[in-house]
Amino acid sequence: MKKEKNHIISFIILLILSILFLAPILIVFINSFKGKFYISEQPFSFPDSTTFVKFENYVAGLEKTGLLTAAFWSFFITVFSVIAIIICTSMTGWFITRVKNQFNSALYYLFAFSMIVPFQMVMYTMTKVANVLKLDNPIGIILIYLGFGSGLSVFMFSGFIKSIPLELEEAAMIDGCNPLQTFFRIVLPVLKPTAVTVAILNTMWIWNDYLLPMLVIGTEYKTIPIAIQYLKSGYGGIDMGAMMSMLVLAIVPIIVFYLFCQKYIIEGVIAGAVKG
Amino acid sequence: MQKHTKKYFPIFLLPTLVAFIVAFIIPFILGIILSFTKFTTVIDAKWIGLGNYIEAFSNKEFLNALIFTVKFTVVSVITINFFAFLFALLLTRKVKGTNIFRTIFFMPNLIGGIVLGYIWQLIINGVLYKFGVTLTFKPEYGFWGLVILMNWQMIGYMMVIYIAGIQNISKELIEAAKIDGATSFQVLRKLTIPLVMPSITICLFLTLSNSFKLFDQNLALTAGAPSKKTAMLALDIYNTFYGSTGGEGVGQAKAVIFFLIVAIVAFIQLSFTRRKEEEN
C-alpha cells in the first residue's frame, strides 16, 4: 500500500515537472499567433479576438529572415559535413590505430588535444585562414567542420577500434583484400554503433552552431541560428511576432527528428559523454 | 600487413589531416603567435611581447566577465547536478510513464543556444513586466536568467547519464541492504551515491565546461546588457575582436587565457578519472 502511494506521489511530481519543462515551448507557440505588440506585455495569455492574427507572424517572419533558404543551408551543411566526418575520421581512426609509428601516435594525441581547445581560441585566425583559402562558402565550410570536428570523432573511432580483434582484418587481407576493401567491407560494418554516436553528436553541434558559420559564411549565407539572430541585429527593435513564429519553425523539425530517433540520440549522447 | 596498409596513407589519412591542419593546427599556432603582437589584418603584426596580456588583465570588462563566468559556472554546476540527480532518482522508481517523462526532460538539450536564449527572454521579460522592469534592468536578472536557462537545457542531459549510472547498480545489492533494515535514505547515501560516483564525475565536468564556455545563450538572452555586466568570457572575447577595431591583439590574448583555464580544468578531470580507474 505504502509503495503504491509513493508511486502516485512520484508520478504527480513528475507530471508537474514535465508541464514546467514543456511550458516554455508551448508559450512560444501560443504567442506566435498573437499580434506583435501584444506579445512582450502579456506572454502568458491565450490569443483572443483582438490579439489573434492567424499566420501573419509566420508570413512576416519568413519574409524578414529568409528562414526557408537558411533551413536549406543548415540542412546542406549539416548533412554533408556529417557524412564527410563519418567517412574521413573513421578511416583516419582505423589507420592511426592499426599502423603504429611515432607520427601516428603523435597525431592521435594532437586530435585528443584539439578536443579541449575552445572555439574562441581559434575563432579569429580560423576565419582569416578560411578567407585566404577561399573556404568561406557552404562547400568550403564542410572542410572546416571536418577539421574542427575531427578531434572528438577520431578519438571515439580509435577508442572503439582498439577493442576489435585484429584476426578478422588479417584474414581478409590474406584472402586478397587490399586495405581499402578490408576497411569498407570488414571494419566499417563493425563500427556502425560508434558511427551512429559520432553522427548524432556532430549533427547536434553543426545544426545548432551559430558563431562558426556566422563568422565564416554569415555575410552571404545564413543558417537557421544566424537567421534568427539576424531578426535582432537587422532591425532596431525586435519584431516579437516574427521572432516567435521563427522560433517555432526552428524548434519543430528538431522535435520531430528527436521523437523518431530518440533512442539513438539519448544512447549516443550518453556514449559520447562517457568516452569524450 | 602494416607495411602494406601504410602505402594507403594518402587515402586514409590525408583528407582528415589537411582539414585538421587548415581548421585547427594553423589557426591555433597563429593564434598563440598573434597574442604577442599588435595587429589589425594579421599581415601587419608587430611583436609587443606580453603587452596584450597585461592589457587584458587590467581590462575591467574582462575581469568582470571572468568573475561573472566563475560565479555562473559554480551556481549552474551545483543546481543542474542536484536537480538532474533528483530527477534520475524519481525516474528509476518504476513509476508509470518513465519513458515519456525522460523524453520530455531531455528535449530542451537538443534546441540550439540562440533559440533557447530568445525563448527565455520572452518568458523572463513576461514575468518581470508585472514589476515594470526588463531582463536587462539589473545584472542579477541576467545572471539568474542564464542559470534558469542552463538548468532547463542541461538537467535532462545530465539526468540520462545519472539514470544509466543508477541502472548499473545491481538490484540484489539494494535488496540485500533493505532486508538488513537500511532505510531508503541510508541506501541512497551509502550505496547509490558512492556507486554512481563515475557518473557524478562525468556530469560535474560536463556541466563545468559547458557553463564556462557558454556563448550563444548569453548572446541571445542579454548580449551582455546592461553595459556589458552580464557578458561572459566567450562573449567578452568576441566583443573585443569584433566590437571595435584595434582590439584584435588583446582579444587573442584573452582567448589564450580562456584556453589555458579550460585546458587546466580538462587536465584536472583527466587525472581525476585516471586515478579512479587505477583504484578499480
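Could you please let me know if B:ASN99 is assigned to a helix (DSSP H, G or I), more than 23 Å from B:PHE137 (Cβ to Cβ), touching a Gly at 6+ places or on another chain (Cβ under 7 Å) and at pLDDT below 95? It is false that B:ASN99 is assigned to a helix (DSSP H, G or I), more than 23 Å from B:PHE137 (Cβ to Cβ), touching a Gly at 6+ places or on another chain (Cβ under 7 Å) and at pLDDT below 95. In region A:21-60, the qualifying residues are those that are more than 9 Å from every other protein chain (Cβ to nearest Cβ) and within 26 Å of the chain's Cα centre (by Cα), and the one that is surrounded by the fewest Cβ atoms within 10 Å (Cβ to Cβ) is A:LEU26. The single condition among (1) assigned to a loop (DSSP other than H, G, I, E, B); (2) touching a helix residue (DSSP H, G or I) at 6+ places or on another chain (Cβ under 8 Å) that A:LEU62 does not satisfy is (1). When B:LEU30 is tested against (1) farther than 20 Å from A:PHE148 by Cα; (2) within 13 Å of another protein chain (Cβ to nearest Cβ); (3) modelled with pLDDT of 90 or more, just one condition goes unmet, and that condition is (1).
For (1) free of Cβ contacts under 8 Å to residues at least 60 places away in the same chain; (2) not in a helix (DSSP H, G or I), each residue gets a yes or a no:
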position: B:GLU61; (1), (2): no, no
position: B:LYS71; (1), (2): no, no
position: B:VAL74; (1), (2): yes, no
position: B:ILE80; (1), (2): no, no
position: B:VAL95; (1), (2): yes, yes
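Looking at B:PHE137, B:PHE131, B:PHE185, just one residue is more than 30 Å from A:ILE228 (Cβ to Cβ), of a type in the set (Phe, Trp, Tyr) and surrounded by fewer than 16 Cβ atoms within 10 Å (Cβ to Cβ), and that residue is B:PHE185. Checking the stated criteria, B:SER170 turns out to be at pLDDT below 90 and away from chain A (no Cβ under 14 Å).
The set of residues in region A:236-263 being closer than 18 Å to A:GLY35 by Cα and not hydrophobic (A, V, I, L, M, F, W, C) consists of A:GLY237, A:ASP239, A:GLY241, A:SER245.
Per-residue answers, yes or no, for (1) within 11 Å of chain A (Cβ to nearest Cβ); (2) closer than 25 Å to B:LEU149 by Cα; (3) in contact (Cβ under 8 Å) with a residue 12 or more places away in the chain:
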| residue | (1), (2), (3) |
| --- | --- |
| B:GLN186 | no, no, no |
| B:ARG189 | no, no, no |
| B:SER199 | yes, yes, yes |
| B:THR230 | no, yes, yes |
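Of the helices (runs of 4 or more DSSP H) contained entirely in region A:142-232, those carrying at least 2 residues that are at pLDDT below 90 and surrounded by fewer than 24 Cβ atoms within 10 Å (Cβ to Cβ) fall at A:167-174.
The values are calculated or read from the model by the stated rules, or taken from the named source; none is laboratory data. The structure presented is a predicted model; accordingly, all values stated were derived computationally and were not measured. So basically every Cβ, Gly included, is an ideal-geometry build from the backbone, and we count neighbours across all protein chains shown.
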